[in-house]
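**Student:** Let me give you the structure first, and then I'll get to my questions.
Only the coordinates and a few stated rules stand behind these numbers; no lab work does. Given the structure is predicted, the values throughout are model-derived calculations rather than measurements. Cβ: placed from backbone, ideal geometry, glycine included. Neighbour counts: every protein chain shown.
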Number of protein chains: 2
Amino acid sequence: MTQNIYDDPRFFENYSRLVRSQQGLAGAPEWPALRAMLPAMVGLTVVDLGCGYGWFSRWAREAGAASVLGLDVSEKMLERARAGSNDPALSYARADLEQIDLPAATFDLAYSSLAFHYIDNLRALFATVHRALVPGGRLVFSIEHPVFMAPRQPGWSVDAQGRRQWPLDSYQREGPRVTNWLADGVVKQHRTLGTLLNALIDAGFTIAHVDEWGPSDADLAARPELAEEIERPMMLLVSATR
Amino acid sequence: MTQNIYDDPRFFENYSRLVRSQQGLAGAPEWPALRAMLPAMVGLTVVDLGCGYGWFSRWAREAGAASVLGLDVSEKMLERARAGSNDPALSYARADLEQIDLPAATFDLAYSSLAFHYIDNLRALFATVHRALVPGGRLVFSIEHPVFMAPRQPGWSVDAQGRRQWPLDSYQREGPRVTNWLADGVVKQHRTLGTLLNALIDAGFTIAHVDEWGPSDADLAARPELAEEIERPMMLLVSATR
């Protein structure tokens, strides 16, 4: 089973203080790019893999989705998600994406935000999602970028001219990375971008769009602290079709 | 027109001393991975984009290709390529990949080794190659990896424990990079991996395989100096189908 760090009290408390936890989609700078990769939502049957507080699930319904199923491994997240809506076409369930079972040919859209980097057996998950989509259905997800995840000791350094750099190492060494983000001992799974894309292709997906998200000029004007995202990719957004 | 650095006498002299120039495909550690991405060669009509000394063009004929057209912008490279063979099914021509014209629906395979990072208008080239392939035809190429190309001052640094790191910056700043590799002022075109893959997809290609090449244990046993390639990806190998 996936490490369920979100039910760790300290992690959960710190997580709930993040801008993206408090402001939802509006607090996630990559959201406009991710939204641009989504199909028209009206009438779609949607599954939200790692739904967290349910921000996306609720947005999907507001954007016209016929029904949304939000899945998460964390009881605490699901509790918050359920408290956020009494929409009968919006349902939440506990599920470990590491060993999830989904009904075949059911969903028009599978969505996932920043959850897949916790998954060890991503090939099995991609096979399950592919089977669960209708033909022509779409998987749209964000994941921590391999360049962000790879280093033994991730963090910025500064060169002789005082300019920020991201010292990369261990890129080809795939496997777990343990970091202390919001709590100690958070385990993520590093794989190269090639491995990730090939896993999608091997599961039967066609790659439709790949976005190594970086801030626009408007993003930088609104949130100058995003300037560091110019130096190295932190997030990867992918759209793939069944 | 692309900078024709290969006809710079100093560059050409230094280039001709590289292991990969003297040993050909056997001197290129990524060749086995690239070869594994190629279709069965027997009977294929092949174009080699940036053929250099013609190592691949000759290999393709030996592997059974019906005909091979090698194209390069450098007269010096073509001279060496022509001197290496008198095979009538192997032809060479001068062409600037930046503004190349190719006959429609002609080739089963378009191949390119470490040439595309010199190209500014890669979208136009991909459109031309797509049109020149038969339906189901394949484009297989290697290119310098964006992580390798991005930094202002590419080079290794060493951390406090004496471990090698690749300080990355400017990843999201696409555009020319001027380096002093074999000669001063070599101009390459940095684009993100996402931009590269989307350009292929937008040209009509389906991404078939993406390999951010790294050394195998056997590679490391044979050439210990390849160990640094574990820390960051230097080359990107891509296979795409029309």
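**Student:** If we count every other residue with Cβ under 12 angstrom of A:Ala93's Cβ, Lys/Arg +1 and Asp/Glu -1, where does the sum land?
**Tutor:** -3
**Student:** So the label point sits 7 Å from Cα along the Cα-to-Cβ vector; using that for A:Pro32, what distances do you get to the other copies, in nanometres, sorted shortest first?
**Tutor:** 4.8
**Student:** Okay, moving on. So how far apart, in nm, are the two label points at A:Glu79 and B:Ala93 if each is 7 Å from Cα heading toward Cβ?
**Tutor:** Here the answer is 7.2 nm between the modelled labels.
**Student:** So the label point sits 7 Å from Cα along the Cα-to-Cβ vector; using that for A:Glu98, what distances do you get to the other copies, in nanometres, sorted shortest first?
**Tutor:** 5.3
**Student:** Sort A:181-189, A:77-85, A:17-25 by the packing proxy (mean of other Cβ within 10 Å over each peptide's residues), most packed first.
**Tutor:** Numbers: A:181-189: 15.7, A:77-85: 17.3, A:17-25: 14.0.
In descending order of packing, they fall as A:77-85, A:181-189, A:17-25.
**Student:** By DSSP, what percent of the beta bridges with both residues in chain B are antiparallel, rounded to the nearest 5?
**Tutor:** Taking every DSSP beta bridge with both residues in chain B, the antiparallel ones total about 50 percent.
**Student:** Now, a different point. What shape does the protein assembly as shown have by the C-alpha gyration tensor, where a ≥ b ≥ c are the square roots of the eigenvalues, rounded means a/c under 1.5, and otherwise prolate means a/b greater than b/c and oblate the rest?
**Tutor:** It comes out prolate by the Cα gyration axes.
**Student:** At a Cα cut-off below 15 Å, give the aspartates and glutamates reachable from A:Lys76, other chains included and same-chain residues fewer than 8 away excluded.
**Tutor:** Straight-line reach from A:Lys76, under 15 Å: A:Asp7, A:Asp8, A:Glu13, A:Asp96.
**Student:** Rounded to the nearest 0.05, what FRET efficiency is calculated for B:Arg17 and A:Ala124 with R0 set to 45 Å and r the Cβ-Cβ distance?
**Tutor:** 0.40
**Student:** For labels at A:Asp101 and A:Ile230 in the simple 7 Å Cα→Cβ model, what's the distance in nm?
**Tutor:** So the label points at A:Asp101 and A:Ile230 sit 5.2 nm apart.
**Student:** Taking a point 7 Å out from Cα toward Cβ as the label site, list the nm distances between B:Ala218 and the same residue in every other copy, smallest first.
**Tutor:** 5.2
**Student:** Given the C-alpha centroids of segment B:63-110 and segment B:115-147, what is the distance between them in whole angstrom?
**Tutor:** Between the Cα centres of segment B:63-110 and segment B:115-147 lies a distance of 15 Å.
**Student:** Using only the alpha-carbon atoms, how far is helix A:122-132 inclined from the longest principal axis of chain A? Give it as 0 to 90 degrees, nearest 10.
**Tutor:** 30 degrees
**Student:** Compute the separation of the alpha-carbon centres of segment A:219-242 and segment B:1-34 and state it in Å as a whole number.
**Tutor:** Spelled out, the Cα-based centre of one part sits 35 Å from the other.
**Student:** Sticking with this structure for a sec: If r is the Cβ-Cβ distance from B:Val134 to B:Leu114 and R0 is 25 Å, what FRET efficiency results, to the nearest 0.05?
**Tutor:** Working from the Cβ atoms, E equals 0.50.
**Student:** For chain B, modelled as a GNM with alpha-carbon contacts under 10 angstrom, which of B:Ala150, B:Ala203, B:Ala40 fluctuates the most?
**Tutor:** Evaluated over chain B, the most mobile residue of the options is B:Ala40.
**Student:** Just to verify a number: FRET efficiency for A:Arg35 and A:Glu174, C-beta to C-beta distance, R0 = 35 Å, to 0.05?
**Tutor:** Here the calculated transfer efficiency is 0.70.
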